[in-house]
Amino acid sequence: MRIIDVPASTPYQVHLGTRLLEQAGQLVRTAAGGTKAALITDSNVGPLYAPIVERSLKEAGYETCTFTFAAGEEHKRADTLVDALEFLAAHELDRGDVVVALGGGVTGDMGGLAAALYMRGIALAQMPTSLLAMVDSSVGGKTAIDLASGKNLAGAFWQPRVVIADIGCLGTLTPEQFADGCGEIVKHAVIRDPALFAELELTPPTYELLCGPGGVSRMEAIVARNVEIKRDVVAGDEREAGGRKLLNFGHSIGHAVEACGQYRLGHGNCVAVGMCLMARAAIAQGACAPEFLPRLERLLSACGLATRTDFTVDELYRCALHDKKRAGATIDLVIPHDLGSCDIERASLDGFRALIAQALDSQNAEEDAC
Ligand code: GLY
C-alpha cells in the first residue's frame, strides 16, 4: 500500500493499493473516529462494493447505514442531495459521525457535499472506485451538485479525513469508463509532468494494460503520480484563487461540450476535446509549440478518447457562459505553451468566443484537407 500525505488546511492521507476496501473500516476509524458511518453510493457501485465496505466498517466498530441513489450525472442534483441529507437525519448521525462516499466522481461530489452540509459539516471519507475519481475528484476537497444552469454550480470546499483508493475496483469499470479517467491523467501530465507524458506515450493507460501482466501495479504507479501532482497543485491554492486554476486546462470548453451533449459524453472525453481545442487556438495565436498538438491528440486517441467535436461555436459559447470559471464579463483560461508549460490568462467573453471560433476553424480546416 502507498500512502500519500496531503497538506491541506486539515491534512489527510490518500491510501492507495489493492484489497483496501476490506481494510477500509480501520482506516476510517483511525482518520475520523465516530460511532456511525453512513455509506453514500450509487446503484452501479453499491451492489459491487457496499457489502465489503459495510462489513469492514462494522468490524471496526461502526454502526452502518447505506444510502443508494440512481447512478448517473443526471442524478447529481438538489433533490438527490436533499434525500441523502434526510437519510442522514433519519439515521440520527451526529457531528461526531462520518459519511463514506463510495463510488465515482458523481458520488464523491454529492456525498462530499452532503457531509459538508449536514449539521454544518461532519467527517468525510472518500472511497473512489473509478479512475477519474481516484486521480482527480476525490483529492482536493471540491464537492458539488449540478444545477439546471450548469455543472457543479452549487458546492463547497470540504476536505476528506481520508481517501481510500482500491486499485482493484478499476477491474469492474467498462473500457469506456476507464478511458474517461484518462482525460485527467493526460491533463496532469501536460500541466506538470512532461516525463509522465513521455511514459504514457510509450505505454498508454488503457483497460487492456490494466488487465495484462503487471497492469495493476503499473496503474497503481500512474494513479499515485497523479495524486501527487494534484496534491502539489492544490496544496498551494486550496480554494482555487490562483494556481489551482491550472487544473482547469481543457475544462472551459470541455464543460461546454459536456453540456451541449446533455452529459451523454463522459467528462474525460469532453476534457480531451477541450484540451485539443485550447491547443489549436494557442497554436493559431503563436502561443504554443505546434508539435504539442499531434502528440496530445495521439496520446488521447491511444487512451480511447475523443479529440474533436461537431458542435458549432454558437452552441459551445452559449453553454460555456454558464461555466463557473466565468467572472462577470471575463473568464480565466488555461493556455498551453508546451508540455509542462501552461499559463492562466484572463479573457473577455468576446475574446473567449473568438478563441473557440479559431480552434474550430483549425479543426475543421484540417478535416477538410483530409
Ligand atoms: N478537478 C479540478 C480541481 O479539483 O480543482
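Within region 137-177, can you find the residues that are polar (S, T, N, Q) and under 23 Å from Leu305 (Cα atoms)?
Answer for region 137-177, where residues must be polar (S, T, N, Q) and under 23 Å from Leu305 (Cα atoms): Ser137, Ser138, Asn152, Thr172, Thr174, Gln177.
Look through Val216, Val257 and report the one residue that is part of a helix (DSSP H, G or I), more than 19 Å from Asn269 (Cα to Cα) and either out of contact with any strand residue (DSSP E or B) (no Cβ under 6 Å at 6 or more places or on another chain) or away from the ligand (no atom under 16 Å from the Cβ) (or both).
Just a single option satisfies the conditions, and that option is Val216.
Check region 326-336 and report whether any residue there is more than 25 Å from Asn152 (Cα to Cα), at pLDDT 95 or above, surrounded by fewer than 20 Cβ atoms within 10 Å (Cβ to Cβ) and out of contact with any Lys or Arg (no Cβ under 6 Å at 6 or more places or on another chain).
Checked region 326-336: no residue is more than 25 Å from Asn152 (Cα to Cα), at pLDDT 95 or above, surrounded by fewer than 20 Cβ atoms within 10 Å (Cβ to Cβ) and out of contact with any Lys or Arg (no Cβ under 6 Å at 6 or more places or on another chain).
How many of the residues making up region 51-82 are among the hydrophobic types (A, V, I, L, M, F, W, C), in contact with a Ser or Thr (Cβ under 7 Å, 6 or more places away or on another chain) and surrounded by 20 or more Cβ atoms within 10 Å (Cβ to Cβ)?
Residues in region 51-82 being among the hydrophobic types (A, V, I, L, M, F, W, C), in contact with a Ser or Thr (Cβ under 7 Å, 6 or more places away or on another chain) and surrounded by 20 or more Cβ atoms within 10 Å (Cβ to Cβ): 2 in total.
Given (1) in contact (Cβ under 8 Å) with a residue 40 or more places away in the chain; (2) on the phi > 0 side of the Ramachandran plot, where does Gln262 come up short, assuming only one miss?
Result: Gln262 fails condition (1) only.
Between residues in region 218-236 that are at negative phi and without any contact (Cβ under 8 Å) to a residue 24 or more places away in the chain and residues that are in a helix (DSSP H, G or I) and within 12 Å of the ligand (Cβ to nearest atom), which pairs lie under 9 Å by C-beta distance while being six or more apart or on different chains?
Gly236/Gly243; Gly236/Arg244
Could you give every pair whose Cβ atoms fall below 6 Å, whose first residue belongs to region 12-25 and is assigned to a helix (DSSP H, G or I), and whose second residue is hydrophobic (A, V, I, L, M, F, W, C), counting only separations of at least 6 or pairs across chains?
These pairs meet every condition: Leu21/Ile52; Leu21/Val53; Ala24/Val53; Ala24/Ile164; Gly25/Leu57; Gly25/Ala60.
Based on this model, can you work out whether Gly274 counts as without any contact (Cβ under 8 Å) to a residue 40 or more places away in the chain, small (Gly, Ala, Ser) and either in contact with a Leu (Cβ under 6 Å, 6 or more places away or on another chain) or within 11 Å of the ligand (Cβ to nearest atom) (or both)?
Against the criterion (without any contact (Cβ under 8 Å) to a residue 40 or more places away in the chain, small (Gly, Ala, Ser) and either in contact with a Leu (Cβ under 6 Å, 6 or more places away or on another chain) or within 11 Å of the ligand (Cβ to nearest atom) (or both)), Gly274 does not qualify.
Mind checking which residues of region 35-44 are crowded, with 23+ Cβ neighbours inside 10 Å and not acidic (Asp, Glu)?
Ala37, Ala38, Leu39, Ile40, Thr41
When you scan region 335-349, do you find a residue that is more than 29 Å from Glu199 (Cβ to Cβ), more than 21 Å from the chain's Cα centre (by Cα) and basic (Lys, Arg), even just one?
yes
Output the number of residues of region 219-252 satisfying the condition of being of a type in the set (D, E, K, R), more than 12 Å from the ligand (Cβ to nearest atom) and buried (at least 17 other Cβ atoms within 10 Å of the Cβ).
3
Does region 1-11 hold any residues that are assigned to a loop (DSSP other than H, G, I, E, B) and either buried (at least 21 other Cβ atoms within 10 Å of the Cβ) or in contact (Cβ under 8 Å) with a residue 60 or more places away in the chain (or both), and which are they?
Across region 1-11, the qualifying residues are Pro7, Ala8, Ser9, Thr10.
Residues checked against (1) touching a residue at least 60 places away in the same chain (Cβ under 8 Å); (2) buried (at least 24 other Cβ atoms within 10 Å of the Cβ):
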{"residue": "Ala115", "(1), (2)": "no, yes"}
{"residue": "Met119", "(1), (2)": "no, no"}
{"residue": "Gln126", "(1), (2)": "no, yes"}
{"residue": "Met134", "(1), (2)": "yes, yes"}
{"residue": "Val139", "(1), (2)": "yes, yes"}
{"residue": "Leu147", "(1), (2)": "yes, no"}
{"residue": "Gly155", "(1), (2)": "no, no"}
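Going through Glu73, Glu22 one at a time, which residue ends up being at pLDDT below 95, out of contact with any Leu (no Cβ under 8 Å at 6 or more places or on another chain) and charged (D, E, K, R)?
Testing whether each residue is at pLDDT below 95, out of contact with any Leu (no Cβ under 8 Å at 6 or more places or on another chain) and charged (D, E, K, R) leaves just Glu73.
For region 132-154, state whether one or more residues are of a type in the set (D, E, K, R), within 15 Å of the ligand (Cβ to nearest atom) and more than 17 Å from Val227 (Cα to Cα).
Within region 132-154, one or more residues are of a type in the set (D, E, K, R), within 15 Å of the ligand (Cβ to nearest atom) and more than 17 Å from Val227 (Cα to Cα).
Those residues that are crowded, with 20+ Cβ neighbours inside 10 Å, more than 21 Å from Ile253 (Cβ to Cβ) and under 14 Å from the mean Cα position of the chain (by Cα), I need them from region 164-180; list them, please.
Ala165, Phe178
The values are calculated or read from the model by the stated rules, or taken from the named source; none is laboratory data. A quick note: this is a predicted structure, and the numbers were derived from the prediction, not measured. Positions of Cβ are backbone-derived with ideal geometry, glycine not excepted, and every protein chain shown enters the neighbour counts.
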